[in-house]
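Working notes for the structure below.
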Amino acid sequence: MEIIHLSAECYPVAKVGGLGDVVGALPKYQNKLGHFAKVVMPAYNVPFLQENDFEVVYDAWGNLGERSYPVRVLREKTNKLGFDLYLVYIEGLTDRDKVYGYDDDTERFLAYQIAVLDWINQWEHRPDVIHCHDHHTGLVPFMTANCERYKSLRDIPTVFTIHNAQYQGQFGWDKLYYLPALDLWKAGLLGWEEDINPLASAIKCAWRVTTVSPTYLDELSYQANGLEGLLASERGKSAGILNGIDFEVWDPKTDPMLEKTYTSRTVESGKKTNKAALCDVFNLDPTKPLFTFIGRLVGEKGADLLPDIFHNALAHSRGNINILVLGSGDRMIEGKLEELKNWFPGNYNAYIGYNEKLSHQIYAGADFLLMPSRVEPCGLNQMYALRYGTIPIVRRIGGLKDTVVDIGDGGFGICHDQTSVWDVGQAMGRAYELYQNKKRIKDILKYTMQLDHSWDRAAQQYIDLYQI
């Protein structure tokens, strides 16, 4: 089976969040099952493009309404990611340093989608499925079904995965002319409320719709940023498939980014060495429990509450805990987290930014990982933490609920019900008490490190879904 994955992100080419991790792993594991999965994404001005060898496999002119531009599709020559990688280079649109955040993002990603379909339209054969990820690729299912230019693609099944329904890519009807000629009687399939809505359009037009965890599919019936009714009406073609993690990238036994590698048998000494190295860099005491947060500093992650949560915890603990933050996002949150360094030197530190190597080192060295999310469609960080013997402290929501069982229920994590300063503070207090019980901690870590959250299961579930 030939599977084409379309996405704005793919690790390690360009990653902003969990979408990049998923698209960087799922195709590799589908190939291991004997299929032929490829990734086609925009060509950004990123180091990966400069540091690797590519060949041009498509060179043509594309158009967005009345605007024309050169388009090239570049193929990475060595298959170094475990799957064929194609980058769509559109001069003046995709060739930016960042993935998102530009005033013309609508034009950038629409041009990318049109260019991909123009390219596939030239093939002598047809892929077995086109798998689209999030709203940046959300108009592909509509265009293959309703644009005259792509009538030869209409029989290709389209699958659409919702990684986060809060972001929908809406734009005005004044830009309808950007799309190739279409049957205007079908234009209603593009819209939701008063705008063209790529996420809504994909939910309507894709042959199958998936979410990145079973619980998130349920949650979308009452928390989908205005699309609750639409998702309810399309529930019959929808499925929740829990993401996995790449066990080859995230393996404490072989991870080259760690101070010392370790297994479930050597977790105690391995984490002690990594914790000592981490605390040395950030001026923390390795004999104290180390709490950490890794991720985007935005409201949906509960990050706006972190300054108050950390201030209270550090003040009440009287210097008996350490906290380390790795992340970036809202400037106000960043500033408040930086300010805490002045209040609690020796017990608190923060790295504002993105650092892949440091994230691996923190998972290996920390004792507890905080995820007080308001929205968490799947969550990968808690799975990385479990893999590295770090106990997750999570809100019972989305994929966190699907993957973390509270110690009070015979499980291995610490769960709370609300995203609030009080709830998280109470959970941290429970974690501190657990930390004093060294034998129980050791038993939990040995157990969590052997949990199977690999992509093997999820990759097969997607293959089964494609064949229905």
- Of all helices (runs of 4 or more DSSP H) fully inside segment 380-468, the set with 3 or more residues that are under 22 Å from Gly302 (Cβ atoms) is 381-387, 398-403, 421-436
- Message: Need pairs with beta-carbon distance below 6 Å; first residue within 25 Å of Asp464 (Cβ to Cβ) and among the aliphatic types (A, V, I, L, M) and within segment 114-137, second modelled with pLDDT of 95 or more and in a loop (DSSP other than H, G, I, E, B); sequence gap 6+ or separate chains.
- Response: Val129/Pro157; Ile130/Ile156
- Query: Quick one: would you say Tyr216 is farther than 30 Å from Gln467 by Cα and buried (at least 20 other Cβ atoms within 10 Å of the Cβ)?
  - Reply: no
- Apart from one, (1) among the aromatic types (Phe, Trp, Tyr); (2) within 24 Å of the chain's Cα centre (by Cα); (3) surrounded by fewer than 22 Cβ atoms within 10 Å (Cβ to Cβ) all hold for Tyr384; the odd one out is (3)
- Determine, yes or no, whether Asn355 is closer than 20 Å to Tyr388 by Cα and either modelled with pLDDT under 95 or not assigned by TED's automatic domain parsing to the domain that holds Trp422 (or both). yes
- Item | Those residues of segment 9-35 which are assigned to a loop (DSSP other than H, G, I, E, B) and touching an Asp or Glu at 6+ places or on another chain (Cβ under 7 Å), in sequence order | Tyr11, Lys15, Val16
- Query: Of all residues in segment 71-85 being among the charged types (D, E, K, R) and within 25 Å of the chain's Cα centre (by Cα), which is surrounded by the fewest Cβ atoms within 10 Å (Cβ to Cβ)?
  - Reply: Lys80
- Search result, residues across segment 273-307 that are in contact with a strand residue (DSSP E or B) (Cβ under 8 Å, 6 or more places away or on another chain) and among the small types (Gly, Ala, Ser): Gly295, Gly302, Ala303
- Can you name the condition, by its number, that Ile114 falls short on among (1) under 23 Å from the mean Cα position of the chain (by Cα); (2) part of a helix (DSSP H, G or I)? (1)
- Query: From Thr215, Thr261, Thr266, which residue is of a type in the set (Ser, Thr, Tyr), in contact with a Ser or Thr (Cβ under 7 Å, 6 or more places away or on another chain) and at pLDDT 95 or above?
  - Reply: Thr261
- Message: Here is a check on your reading of the model: is Val23 β-branched (Val, Ile, Thr), on the phi < 0 side of the Ramachandran plot and touching a His at 6+ places or on another chain (Cβ under 8 Å)?
- Response: yes
- Task: Can you confirm whether segment 434-444 contains a residue that is closer than 25 Å to Lys336 by Cα and either of a type in the set (Asp, Glu) or surrounded by fewer than 24 Cβ atoms within 10 Å (Cβ to Cβ) (or both)?
- Result: no
- Task: Take segment 374-414 and flag every residue that is farther than 16 Å from Pro214 by Cα and among the small types (Gly, Ala, Ser).
- Result: Ala385, Gly389, Gly408, Gly410, Gly411, Gly413
- Query: Mind checking which pairs have a first residue in segment 233-245 that is in the same structural domain as Val23 (by TED's automatic domain parsing) and a second that is of a type in the set (A, V, I, L, M, F, W, C) and in a strand (DSSP E or B), Cβ under 7 Å, 6 or more apart or different chains?
  - Reply: Glu234/Val209; Lys237/Val209; Ser238/Val209
- Task: Please list, ordered by first then second residue, the pairs with beta carbon atoms under 8 Å, 6 or more apart or interchain, first in segment 210-223 and at negative phi, second aromatic (Phe, Trp, Tyr).
- Result: Thr210/Phe160; Thr210/Tyr462
- Query: Picking from Gln426, Gln418, Gln467, Gln450, which residue would you name as being surrounded by fewer than 18 Cβ atoms within 10 Å (Cβ to Cβ), under 30 Å from Cys132 (Cα atoms) and not basic (Lys, Arg)?
  - Reply: Gln467
- Query: Out of the residues in segment 307-336 that are over 23 Å from Thr287 (Cα atoms) and in contact with a Phe, Trp or Tyr (Cβ under 8 Å, 6 or more places away or on another chain), which is surrounded by the most Cβ atoms within 10 Å (Cβ to Cβ)?
  - Reply: Gly327
- Somewhere in segment 161-170, is a residue modelled with pLDDT of 95 or more and over 25 Å from Leu380 (Cα atoms)? yes
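The values are calculated or read from the model by the stated rules, or taken from the named source; none is laboratory data. Here the structure is a predicted model, which means the values were calculated and not measured. Methodologically, a virtual Cβ is constructed for each residue, glycine included, from the backbone with ideal geometry; neighbour enumeration extends over all protein chains shown.
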